[in-house]
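Working notes for the structure below.
The values are calculated or read from the model by the stated rules, or taken from the named source; none is laboratory data. None of the values given here were measured: they were computed from a predicted structure. Here the Cβ positions follow ideal geometry from the backbone for every residue, glycine too, while neighbour counts run over all protein chains shown. These area figures cover heavy atoms from the full protein model, side chains too; ligands, DNA and RNA do not enter into them. Shrake-Rupley method; radii C 1.70, N 1.55, O 1.52, S 1.80 Å.
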Amino acid sequence: NFLTLSLSYVTSPQTIVVNWLDASGKIVCSKSIQLNCQTTCVGIINEAVTCVGNKYNLAYSFTNNATYPIHTIDYTVQSLGSVTISPSTVILATDVASTSNSGIQNILISGAVPGDNVSIVARFMKSTGCCWCFDTLHVIIPTCPTVCDSLSVQAQGTPEGCCYSVSLTNNSSTKFSNVQFELLS
């Protein structure tokens, strides 16, 4: 009971290591304590994952519940070693004031496959760097439709007359210049 210390702007979780030193400066003993502040500085809203080829775009916005404006967001992947994200840091064009909503934030996820549960830790910071807090974005990677999922073929007619009308439908963004019919019998 010989020292009392006050800490401000503590992150959550925050680990503090206290090294007990001898007269020569050598560490004799180390003790640690973890602080878990129950502050939620953002509320994630409008979260959606869309397919971009073999990658995935996580789009979200947030409400700033912190007492300071949010200027920068740092992202770190916390799961699945093969997953990468881009960007890793975003400097917002306009700071998000306390109690305000942000614009849409986009994170491109690579190396994931459908069904993967990807965790991304986001650090929301003030422009001066003095204040920040963390939130975790949890994303379950969806199965993405292929071009073939947007194409259909239907036949209408009667077996008795053996006369059919074949209809093709293209609901994809791909434009086809030709179609080939192959009779297998």
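Assorted remarks:
- For the residues SER127, SER119, the requirement of being over 22 Å from ALA59 (Cα atoms) and not aliphatic (A, V, I, L, M) singles out SER127.
- Checked against (1) at pLDDT 95 or above; (2) open to solvent by less than 80 Å² (accessible area, probe 1.4 Å), THR76 meets all criteria but (1).
The rows are residues; the columns are (1) under 30 Å from VAL42 (Cβ atoms); (2) in contact (Cβ under 8 Å) with a residue 40 or more places away in the chain.
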residue	(1), (2)
ILE104	yes, yes
THR143	yes, no
THR146	no, no
GLN154	no, no
SER167	no, no
ASN170	no, no
VAL179	no, no
GLU182	no, no
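Table: residues versus (1) touching an Asp or Glu at 6+ places or on another chain (Cβ under 9 Å); (2) closer than 30 Å to LYS126 by Cβ.
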position: SER24; (1), (2): no, no
position: VAL28; (1), (2): yes, no
position: TYR60; (1), (2): yes, yes
position: ALA66; (1), (2): no, yes
position: VAL83; (1), (2): yes, yes
position: SER86; (1), (2): no, yes
position: ALA93; (1), (2): no, yes
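- Residues located in the range 55-67, provided they are open to solvent by 10 Å² or more (accessible area, probe 1.4 Å) and either β-branched (Val, Ile, Thr) or under 15 Å from ASN106 (Cα atoms) (or both): LYS55, TYR56, ASN57, ALA59, THR63, THR67
- Test: residue in the range 101-116 that is over 13 Å from the mean Cα position of the chain (by Cα), closer than 29 Å to ASN54 by Cα and of a type in the set (Ser, Thr, Tyr): yes
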